[in-house]
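A short worksheet on the structure shown next.
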Amino acid sequence: MKTLVLCNQKGGVGKSVVATLLAHHFAQRGRRVLAIDLDHQGNLSKPLRMSGRTTASAFTAAAVLTSHAPALPDKPFVLVPSDRALLSLERQPDLHTPFARNFRAFLARADAAFDVCVIDTNPNPDIRVIAALASADFVLSPIQLNQGAMDGVSGLLNHERVGLRKIRAVLNSKLSLIGLLPTMVEPADTVPEGELPADRPAVPPVDDQHWVGAGRLRVDPAPLVHIPANVTADSGIVTRHSGERDRVRCCAL
């Protein structure tokens, strides 16, 4: 079983939407899918339940961290739903290590029954995020192409507790960052409707500068945003360019 975590320290960037779509995509391709909702808001749990395509476990995500969770349903598309008890876990620091161990053991028990596990996380850098990243194979970070979201990229990589570099160095050397996935775009310059310059097409041409290919998304040129100084080209996420401000050129899946 391959485990993918949707992670970003900024809320409202589309983590749950992407997690929902990916879970359905894998299921439609015949994969056995386990979806785990670690966000107490339950924005992954709600649409998956409403779809009628998943089977919910008899226990919630909080139980996965706090105890030896019982067996999962013998179904091809299973949801471990969110609950409000997840909020209290961060306030129990003496149990954080057991929480992470319980989560890893749960995934190990589920390994033979599923092909892929999709985990939605909360934006707060707490024990839920640590437990997920410490046991995952891959992490994908949905972002908005605006200044606030780009400032959060530094935290995603370098946070002293849940930064990906710290997790890889201390807890999970196999963790691989797939990349940043733009989900919503806010243009740097807004033009009133009907006043688009004649030399600027309303819809960018689909050519080698604007294309969506199999498995990859390229956004070029991107809005002008400032990239934090400690996010460098060797991160494999962004490329630096000369000029007054830097551009994010492409994000790969």
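Rule-based calculations on the coordinates, nothing more; no lab input. Please read these numbers as outputs of a predicted model, since none were measured by experiment. Counting neighbours? That spans all protein chains shown, and the Cβs are built from the backbone with ideal geometry, glycine included.
All but one of (1) part of a helix (DSSP H, G or I); (2) crowded, with 23+ Cβ neighbours inside 10 Å; (3) out of contact with any Lys or Arg (no Cβ under 9 Å at 6 or more places or on another chain) hold for Val139; state the number of the condition that does not hold.
With (1) part of a helix (DSSP H, G or I); (2) crowded, with 23+ Cβ neighbours inside 10 Å; (3) out of contact with any Lys or Arg (no Cβ under 9 Å at 6 or more places or on another chain) applied to Val139, the lone miss is (1).
Restricting attention to the stretch 42-85, report how many residues are within 24 Å of Ile127 (Cβ to Cβ), of a type in the set (Ser, Thr, Tyr), touching a helix residue (DSSP H, G or I) at 6+ places or on another chain (Cβ under 8 Å) and not in a helix (DSSP H, G or I).
Here the count works out to 3.
Taking the condition of being crowded, with 22+ Cβ neighbours inside 10 Å, within 15 Å of Val33 (Cα to Cα) and among the charged types (D, E, K, R), how many residues in the stretch 109-136 meet it?
Count: 1.
Do we find that Ala108 is out of contact with any Lys or Arg (no Cβ under 8 Å at 6 or more places or on another chain) and in contact (Cβ under 8 Å) with a residue 60 or more places away in the chain in this structure?
no
What is the one condition in (1) touching a residue at least 12 places away in the same chain (Cβ under 8 Å); (2) surrounded by fewer than 23 Cβ atoms within 10 Å (Cβ to Cβ); (3) not polar (S, T, N, Q) that Gly30 does not satisfy?
(1)
Quick one: which residue in Leu95, Leu89 is surrounded by 17 or more Cβ atoms within 10 Å (Cβ to Cβ) and of a type in the set (A, V, I, L, M)?
It is Leu89.
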